[in-house]
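Asks: So that we are looking at the same thing, I have put the structure below in structure tokens.
The values are calculated or read from the model by the stated rules, or taken from the named source; none is laboratory data. Predicted model, so just to flag it, every value in this text is computed and none were measured. For neighbour counting, all protein chains shown are included, and Cβ atoms are generated from backbone atoms with ideal geometry for every residue, glycine included.
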């Protein structure tokens, strides 16, 4: 195996895994979509075997990337721009999701704080009533 061929295979492995993770799908999901065994996806990502041309074409079509991008990590077409756009959207969605989680936690914390204040007031009222009862006797 020549260095150049090995280098391209490394890119296929890296790019396949990167694209799959970016789309947040499992090896099983992708294998089912491509109608191949999950183990094949694992072998491609670990550089144990190489995807046949038919599979490379199906992968590039699935992820909407060029074969150049899939094989070499570069692209002569606009698909690399589409991928960057997807990455930015994924980052934005992740940021928004984290922000919503924080807002929900803050809201829950505020509810808990309000409930604790109400419980504290109720306890103070109860103590005052008990003190009044004790004073009467």
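Residue-wise test of (1) surrounded by 13 or more Cβ atoms within 10 Å (Cβ to Cβ); (2) at pLDDT 90 or above; (3) part of a helix (DSSP H, G or I); (4) touching a helix residue (DSSP H, G or I) at 6+ places or on another chain (Cβ under 7 Å).
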{"residue": "25", "(1), (2), (3), (4)": "yes, yes, no, no"}
{"residue": "36", "(1), (2), (3), (4)": "yes, yes, no, yes"}
{"residue": "44", "(1), (2), (3), (4)": "yes, yes, yes, yes"}
{"residue": "47", "(1), (2), (3), (4)": "yes, no, no, yes"}
{"residue": "50", "(1), (2), (3), (4)": "yes, no, no, yes"}
{"residue": "58", "(1), (2), (3), (4)": "yes, yes, yes, yes"}
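Asks: Are there any pairs with C-beta distances below 8 angstrom linking a residue in the stretch 64-81 that is under 19 Å from residue 30 (Cα atoms) to a residue that is assigned to a helix (DSSP H, G or I) and modelled with pLDDT under 60, with the two at least 6 apart or on different chains, and if so which?
Replies: Listed by first residue and then by second, the contacts come to 64/79; 65/79; 65/80; 66/79; 66/80; 69/79; 69/80; 71/8.
Asks: What's the number of the condition residue 21 fails, among (1) surrounded by 13 or more Cβ atoms within 10 Å (Cβ to Cβ); (2) under 20 Å from the mean Cα position of the chain (by Cα); (3) modelled with pLDDT of 90 or more; (4) part of a helix (DSSP H, G or I)?
Replies: All conditions are met except number (1).
Asks: Does residue 30 satisfy the condition of being outside any loop (DSSP other than H, G, I, E, B) and at pLDDT 90 or above?
Replies: yes
Asks: Just checking, does the stretch 87-98 include any residue being over 16 Å from residue 21 (Cα atoms), at pLDDT 85 or above and out of contact with any strand residue (DSSP E or B) (no Cβ under 7 Å at 6 or more places or on another chain)?
Replies: Checking the stretch 87-98: not a single residue is over 16 Å from residue 21 (Cα atoms), at pLDDT 85 or above and out of contact with any strand residue (DSSP E or B) (no Cβ under 7 Å at 6 or more places or on another chain).
Asks: While we're looking at this one, here's another question. Test residue 111 against the stated conditions and say whether it is free of Cβ contacts under 8 Å to residues at least 24 places away in the same chain and surrounded by fewer than 10 Cβ atoms within 10 Å (Cβ to Cβ).
Replies: For residue 111, the condition - free of Cβ contacts under 8 Å to residues at least 24 places away in the same chain and surrounded by fewer than 10 Cβ atoms within 10 Å (Cβ to Cβ) - is not met.
Asks: Taking the stretch 60-86, which residues are at pLDDT 70 or above and assigned to a helix (DSSP H, G or I)?
Replies: 60, 61, 62, 63, 67, 68, 69, 70, 71, 72, 85, 86
Asks: Still on this structure: Please identify the pairs in which a residue from the stretch 1-24 that is over 15 Å from residue 86 (Cα atoms) has its Cβ atom under 9 Å from the Cβ atom of a residue that is surrounded by fewer than 11 Cβ atoms within 10 Å (Cβ to Cβ) and at pLDDT 90 or above, counting only partners at least 6 apart or on another chain.
Replies: Cβ pairs passing all conditions: 13/46.
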